[in-house]
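The values are calculated or read from the model by the stated rules, or taken from the named source; none is laboratory data. Quick caveat, the model's predicted, so the values are computed rather than measured. Every residue, glycine among them, receives a Cβ derived from its backbone with ideal geometry; neighbour counts consider all protein chains shown.
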Amino acid sequence: MIPRFSLVRPATLAEAFDAYAAAAGDAAYIAGGTELLQVMKMGFAQIGTLIDLKRLPELRGISVNGQVRIGAATTHREIERSPELGAALPGLVALERRVANVRVRNTGTI
């Protein structure tokens, strides 16, 4: 059984930092959280507040202009379907097509 916790879904990075500070050290950032929730379920971690970063626009997106930038909350599917990445890093795009299945790629982040 997973212990009780609060879930905060901030709209901005500043709100995420504020939520962490308000939890007085009893918080963790997640952007999916599958592994962390398993650890909590097994009793190896107890965290009072989880702060979900997945929807933050500052952590999403792909840009290719001399260098490649992939935000941590960018989904595998976004990487797989990016024409800019396909041109710059075709091997990465090919690899992403083999990650799990479409359902996982639509929600899973790097």
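For T75, the criteria (1) under 12 Å from the mean Cα position of the chain (by Cα); (2) closer than 22 Å to A19 by Cβ; (3) not acidic (D, E) hold in every case but one, which is (2). Checking G43, G25, G32 one by one, the residue that is at positive phi, under 12 Å from the mean Cα position of the chain (by Cα), at pLDDT below 95 and not in a strand (DSSP E or B) is G32 and no other. Scanning the range 71-104 for residues that are of a type outside the set (S, T, N, Q), touching a strand residue (DSSP E or B) at 6+ places or on another chain (Cβ under 8 Å) and farther than 22 Å from R9 by Cβ turns up I79, E84, L85, A87, A88, L89.
A single member of F5, F44 is in contact with a helix residue (DSSP H, G or I) (Cβ under 8 Å, 6 or more places away or on another chain) and among the aromatic types (F, W, Y), and it is F5. Consider the range 82-110 and keep the residues that are touching a residue at least 12 places away in the same chain (Cβ under 8 Å) and basic (K, R). The one that is nearest to K54 (Cα to Cα) is R105.
Here's a check for you: in the range 1-49, which residue that is of a type in the set (A, V, I, L, M, F, W, C) and within 20 Å of G71 (Cα to Cα) is surrounded by the most Cβ atoms within 10 Å (Cβ to Cβ)? Looking at residues that are of a type in the set (A, V, I, L, M, F, W, C) and within 20 Å of G71 (Cα to Cα), I get A16. Taking helices (runs of 4 or more DSSP H) that fall entirely within the range 61-110, which contain at least 3 residues that are modelled with pLDDT of 95 or more and loosely packed, with under 15 Cβ neighbours inside 10 Å? Fully inside the range 61-110 and qualifying: 83-88, 90-96.
Could you please let me know if A16 is out of contact with any Pro (no Cβ under 9 Å at 6 or more places or on another chain) and at negative phi? No: the conditions fail for A16.
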